1. Looking at F220, F147, can you tell me which residue is closer than 20 Å to G69 by Cβ, in contact with a strand residue (DSSP E or B) (Cβ under 8 Å, 6 or more places away or on another chain) and assigned to a loop (DSSP other than H, G, I, E, B)?
2. Are any residues in the stretch 104-160 touching a residue at least 40 places away in the same chain (Cβ under 8 Å), over 25 Å from N36 (Cα atoms) and β-branched (V, I, T), and if so, which ones?
3. If only one of S75, S32, S64 is of a type in the set (G, A, S) and surrounded by 20 or more Cβ atoms within 10 Å (Cβ to Cβ), which one is it?
4. Kindly list the number of the only condition in (1) in a strand (DSSP E or B); (2) closer than 20 Å to P157 by Cβ; (3) not aliphatic (A, V, I, L, M) that fails for K227.
5. Looking at the stretch 90-106 only, could you name the residues that are surrounded by 15 or more Cβ atoms within 10 Å (Cβ to Cβ), aliphatic (A, V, I, L, M) and either under 15 Å from V46 (Cβ atoms) or at pLDDT below 95 (or both)?
6. Any residue in the stretch 15-34 that's modelled with pLDDT under 95: show its pairings with residues that are β-branched (V, I, T) at Cβ separation under 8 Å, as long as the two are six or more apart or on different chains.
7. Does D163 satisfy the criteria of being closer than 27 Å to A65 by Cβ, touching a strand residue (DSSP E or B) at 6+ places or on another chain (Cβ under 9 Å) and touching a residue at least 60 places away in the same chain (Cβ under 8 Å)?
8. Criterion first (buried (at least 22 other Cβ atoms within 10 Å of the Cβ) and among the aromatic types (F, W, Y)) does F142 satisfy it?
Amino acid sequence: MNVDEPGRGGAQGIGMTSARTRERLVQRLAASGIGNEAVLERIRSVPRHLFIDEALASRAYEDSALPIGQGQTISQPYIVALMTQALLVNGVTRRLGKVLEVGTGCGYQTAVLAPLVGQLYTIERIAGLQRAARQRLQALGFGNIRFRHGDGFEGWPGRAPFDGILVAAAPAEVPSALLDQLAPEGRLVMPVGPAGGQELLRITRTATGFDRERLCSVTFVPLVEGKG
């Protein structure tokens with residue numbers, strides 16, 4: 001992938017992918033309750049149009065999910081911002097040092113989150129998506145991301161424990177391996193439940209177990225076991 005593709009105006013964008021269009025999206029997210037300025041700045045600066053098919057680039061800064069192939073989607077910007085904010089803010093001001101992302105997809109959520117944490121480990125089960133996301137993110141200059149083609153249900157035990165885990169697909173129940181890989185006071189943000197009944201949860205590891213908070217109702221693709 002070339003981040004300077006003429007048809008897309010490169011990373012800066014033109015027309016419907018311009019800075020003005022991105023700013024309108026940021027204002028909508030702020031009005032919808034996204035209050036973390038660092039998260040809003042990431043939404044403003046990440047060139048979402050480079051993470052989707054060129055035919056859909058004019059829709060890149062709509063607040064909607066879009067297809068990315070392989071039966072997967074790029075999440076709507078509000079959900080990306082909400083999940084990132086929920087992972088980072090929990091009455092604790094310390095920076096998250098080591099974070100696991102399950103479901104790299106096209107890499108957009110990865111790009112939003114990476115500069116806000118120390119080290120980001122990201123897993124994708126679909127090999128083609130994983131390769132494309134790695135190339136895209138490396139072309140954009142990210143240096144603190146480690147990639148893996150693997151089963152998200154298993155997490156990344158060799159790099160655990162994690163201060164935060166973000167999951168971009170919905171299992172029926174929270175995988176026990178992910179809970180096991182949370183550091184003390186670590187936070188897991190993920191959708192859980194069947195299609196039509198999913199909830200976005202934030203789970204915090206405490207000295208006595210796990211505290212669960214329901215954030216909102218959501219619609220995600222299912223989290224699938226194995227590698228594709």
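1. Matching residue, one of F220, F147: F220.
2. Residue satisfying the conditions is I126 alone.
3. S75
4. Every condition holds for K227 apart from (1).
5. The answer is L96, and nothing else.
6. Short answer, once both residue conditions are applied: G15/T21; R22/I43.
7. No.
8. No; evaluated as a whole, the condition is false for this residue.
The values are calculated or read from the model by the stated rules, or taken from the named source; none is laboratory data. This one's a predicted model, so the numbers in the text were calculated from it and none came from an experiment. Methodologically, a virtual Cβ is constructed for each residue, glycine included, from the backbone with ideal geometry; neighbour enumeration extends over all protein chains shown.
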